[in-house]
Amino acid sequence: MQIKMATFIKSAAEPKQFLQFDKPVICCTGRSNVGKSSFINMLANQKKLAKTSNTPGRTRLVNYFDFGEFILADLPGYGYASVSKQEKVKWGKTLERFFELTEISHVFALVDVRHKPTQDDKDMIKYLYANIIPFTVTTTKADKLSRAQLNKQLKEISQELSLGVGDIISTSYKGYGKDKVLEKIEKVIENFYNSQADSDLDDDVGEGEE
Ligand SMILES: Nc1nc2c(ncn2[C@@H]2O[C@H](COP(=O)(O)OP(=O)(O)OP(=O)(O)O)[C@@H](O)[C@H]2O)c(=O)[nH]1
Ligand SMILES: [Mg+2]
């Protein structure tokens, strides 16, 4: 698939501002500074669609982007050490409410390929598992490693997260891995409309019986 358009829709600071859509919603999660906003820009083929920053904790809101066939939501990063405990709890709650209130078709759970997944990364992935939210662990910053280092890291990350190496998509904001991400998104979109068609069919059956 090809991305034909990508525009910013809106930021939401609190649950009552969260939006509902009639197209699939795909999210990016990950630690502050992992490269969520850069990942979105890479997919959009735009440099400044999502604001990126050297300062961790830049994205403090849920930012919605319209990608035509789907919605991409950039979520606040977790695990930012210099944030007050109070603020961390608030972000955690906002994220949790987001997951509760939004029908999510897929999550790209981003982890930095240079490091072992942190406890926060593991907790995030556990949360997705427990809540039956489909996700793909996606590593960022592949351009910072040699091919050999990259393979070694991918192996270690997959072991840490009890995944197969083949389950992980490795990316870089320079475009590496973009084709695999788009392939995944294409399947997510297909599933979304197939399951919608199925539930329409169920509705029809229901009406016929009345
Ligand atoms: N070399 C390299 N740098 C990257 C890559 N992705 C992100 N970065 C850099 O990492 C820093 C953080 O990127 P962001 O995209 O702002 O990270 P974020 O996850 O959105 O961060 P928060 O909004 O703070 O949670 C920036 O300096 C980016 O330029 C990548 O694939 N390769
Ligand atoms: Mg960001």
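No value in this document is a laboratory result; all are computed from the given coordinates. Keep in mind the model is a prediction, meaning the values are calculated, not measured. Glycine gets a Cβ as well: all are built from the backbone with ideal geometry, and neighbour counts include every protein chain shown.
Observations
- For region 105-120, backbone phi angles converted through the Karplus equation (6.51, -1.76, 1.60; θ = phi - 60°) give residue-by-residue couplings of 7, 6, 10, 8, 8, 7, 9, 6, 5, 7, 10, 5, x, 7, 4, 4 Hz, Gly and Pro being listed as x.
- Proximal charge balance of Gln149 [Cβ under 15 Å; K/R count +1, D/E count -1]: +4
- If the chain linking Ser11 and Glu156 were pulled fully straight, counting 0.36 nm for each residue of separation and taking away their Cα-Cα distance, it would gain 48.7 nm.
- Taking θ as phi - 60° and the Karplus parameters 6.51, -1.76 and 1.60, the scalar couplings of region 146-162 work out to 6, 4, 5, 4, 4, 4, 5, 5, 4, 5, 5, 5, 5, 5, 4, 9, 6 Hz in sequence order, x denoting glycine and proline.
- Cut-off under 5 Å, modelled amide H: who pairs with Thr136 long-range: Val107, Phe108, Ala109
- Straight-distance crosslink candidates among lysines, where the alpha carbon sits under 17 Å from Lys47 and sequence neighbours closer than 8 are dropped: Lys4, Lys36, Lys141, Lys174, Lys178
- Estimated dipole of the chain in Debye, rounded to 20 [Cβ of Lys and Arg +1, of Asp and Glu -1, Cα centre]: 2120
- For the listed residue pairs Lys88/Lys126; Lys16/Lys126; Lys10/Lys122; Lys155/Lys180, the alpha carbons are over 22 angstrom apart in Lys16/Lys126; Lys10/Lys122.
- Net lengthening on full extension, Lys4/Asp66 (0.36 nm per residue, minus Cα-Cα): 21.3 nm
- Between the listed residues Ser105, Asn54, Ser170, the Cα displaced farthest toward the positive end of the dipole of region 11-178, a dipole computed from Cβ unit charges relative to the Cα centre, is found at Asn54.
- Only helical runs count toward this figure. For the chain, summing -39,500 (n - 2.57) over DSSP H runs of n ≥ 4 and dividing by all residues gives -13500 deg cm²/dmol at 222 nm.
- Label separation (Tyr176 vs Arg114): 1.3 nm, computed from points 7 Å beyond Cα along the C-beta direction.
- Scalar couplings 3J(HN,Hα) for region 11-23, obtained by applying the Karplus form with A = 6.51, B = -1.76, C = 1.60 to θ = phi - 60°, are 9, 10, 9, 8, x, 5, 9, 5, 9, 10, 9, 9, 10 Hz; x denotes Gly and Pro.
- C-alpha long axis of helix 85-101 to longest principal axis of the chain, angle in °: 30
- Radius 15 Å from Cβ of Gly175, net charge of other residues (Lys, Arg +1; Asp, Glu -1): +3
- Principal axis analysis of the Cα atoms in the chain yields extents of 62, 39, 33 Å, listed in decreasing size.
- Checking every one of the trypsin sites (Lys or Arg not before Pro) in region 1-108 against DSSP loop status and a limit of 15 other Cβ atoms within 10 Å picks out Lys4, Lys47, Lys48, Lys51.
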